[in-house]
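Read through the structure below, which is laid out as structure tokens, and then see the notes.
Rule-based calculations on the coordinates, nothing more; no lab input. Just so we're clear, the structure is a prediction, and the values are computed from it rather than from any experiment. When we count neighbours, we look across all protein chains shown, and the Cβ atoms used for this are built from the backbone with ideal geometry, even at glycine.
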Amino acid sequence: MSRIGKKPLSLPQGVTASVDGRTVTAKGPKGELKFVVNDEVLIKMEEGQISVSPKDESKDARSKWGMSRTQIENILNGVSKGFERRLEITGVGYRAALQGKNLQLALGFSHDVVYQTPEGITIQVPKPTEIVVSGIDKQQVGQVAAEIREYRPPEPYKGKGVRYANERIVRKEGKKK
């Protein structure tokens, strides 16, 4: 039995949700998101709470049960509060700047890297060495942060590169004489 899947979802303040067949639609102060649930999972909305249950006791249905509940929880939190990922840039001469809507990164290459911000995502640069990616879709925010990090992932010897704010880099020792 899924411990996560058993818990009913209550709607946050200011969020309205509707269940239409297999589609869950959530509207809130930040925007609107939809999620289509797999055939193996049943959704019910009663008394302001959304409950998720497996269609039958097959392994496939039980494996999708908890994940479907978590996806619905993420869209409810996204339209009410939103999500953000913080990135830090470490290295001499490495910096970030906003150029209109695009993010311009100087990461030690012979040219600057220009990242075009997708629709529904906002990027802020409070300091030249800090990037904040925010939006209402948790998956899209994480994907954009991963794409920015991919340009120059942190290396293990000096720790230079783009990393998540809470990421711990395992450092290696250099050559011995």
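Partners of K175 within straight-line reach, counting lysines whose Cα lies under 23 Å from its Cα and excluding those fewer than 8 residues away in the same chain: K158, K160.
Computed extension gain for T16 through T90, at 0.36 nm per residue and net of the alpha carbon distance, reaches 22.4 nm. When each of the peptides 40-51, 72-83 is scored by the mean number of other C-beta atoms lying within 10 Å of its residues, the order from highest to lowest reads 72-83, 40-51. Springs between Cα atoms under 10 Å define the GNM used for the chain, and in it the highest mean-square fluctuation of V162, V132, V92 occurs at V92.
Dividing the radius of gyration of the alpha carbons in region 1-106 by their Kirkwood radius gives 1.17 for Rg/Rh.
For region 93-102, 3J(HN,Hα) computed residue by residue from phi via the Karplus equation (6.51, -1.76, 1.60; θ = phi - 60°) reads x, 7, 7, 10, 8, 8, 10, x, 9, 8 Hz, glycine and proline entered as x. Across region 135-144, rounded Karplus estimates of 3J(HN,Hα) from the backbone phi angles (6.51 cos²θ - 1.76 cosθ + 1.60, θ = phi - 60°) give x, 9, 9, 4, 5, 5, 4, x, 5, 5 Hz, Gly and Pro being marked x. Only Lys, Arg, Asp and Glu carry charge here, each on its Cβ (+1 for the first two, -1 for the last two); on that basis region 83-164 has a dipole of about 260 debye about its Cα centre. Only one residue of G14, A145, F83 has its Cα farthest out toward the positive end of the dipole of the chain, where Lys and Arg carry +1 and Asp and Glu -1 on Cβ, and that residue is A145. Dipole magnitude for the chain: computed about the Cα centre from +1 point charges on Lys and Arg Cβ and -1 point charges on Asp and Glu Cβ, it is near 1040 debye. The alpha-carbon of K7 sits under 19 angstrom from the alpha-carbons of these aspartates and glutamates, leaving out residues fewer than 8 places away in its chain: E40, E46, E47, D56, E57, E73. Rounded to the nearest 0.05, the FRET efficiency derived from the C-beta distance between K81 and H111 at R0 = 41 Å is 0.65. Coupling constants for region 151-161 follow from the phi torsions by the Karplus curve (6.51 cos²θ - 1.76 cosθ + 1.60, θ = phi - 60°), and in residue order they are 4, 8, x, x, 9, x, 8, 10, x, 6, x Hz; glycine and proline get x.
The alpha-carbon of K101 sits under 25 angstrom from the alpha-carbons of these lysines, leaving out residues fewer than 8 places away in its chain: K30, K81, K127, K138.
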